[in-house]
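Just below is one structure, and these are the notes that go with it.
The values are calculated or read from the model by the stated rules, or taken from the named source; none is laboratory data. The shown structure was predicted, so the numbers you read here are calculated from the model rather than taken from an experiment. Using ideal geometry, Cβ is built from the backbone for each residue, glycine included, and neighbour counts are taken over all protein chains shown.
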Amino acid sequence: MVITLQAMEKKGLTLGFFPFIVAKMTAEAILRLVNDPVLPFYPLDIALDVQNKLKDKSVVTQSMLSTASSLRDHAAFFQSETMRPANDPKERDPSHVRMLNDVLRDLEKSFILPQTPPGVY
C-alpha cells in the first residue's frame, strides 16, 4: 500500500514532508531487506541506495544527509570486515567477532530516530 502526501493531507495528517520521506525511505529499505536474498548480504549497496535517494530530494536536511553518510561509512566497514577470508584463524578471534558485533550495532543505530515525528509511538 502506497500512501501519498495528498492522501495523508486528505485524512488530516499534516505531519509535514520530512516525516513522510523518512517513513517512505524506511519502508523501501525494509522492503528491500525482506525481499532480497539473505546471502550474500551487501549492506553497502543499501546504504548507497538510501544516500542517493536522499540526494535527489530537495527538502532533505543536512542532518539526514549526515546520518546517511554515517550509515554508508558503517556499512562499508562492516562489509569489508565480513568479506575477509573465513579460514584465517585471526578472523575467528573472539575480539574480532566482538568488533564486528559493535560495527553491526552502530549500523543499526543509523535507523533509530532520536525524536519521533508527532503521532508515531
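Looking only at region 72-93, residues that are at pLDDT below 85 and under 12 Å from the mean Cα position of the chain (by Cα) come to 0 in all.
Scanning region 48-67 for residues that are free of Cβ contacts under 8 Å to residues at least 40 places away in the same chain and aliphatic (A, V, I, L, M) yields LEU48, VAL50, LEU54, VAL60, LEU65.
What are the residues in region 65-83 that are farther than 21 Å from VAL97 by Cα and surrounded by fewer than 20 Cβ atoms within 10 Å (Cβ to Cβ), if any? Even if it seems obvious, please write down each step before you answer.
Within region 65-83, the first condition is being farther than 21 Å from VAL97 by Cα, and the residues that meet it are 65-70.
Correct list: LEU65, SER66, SER69, SER70.
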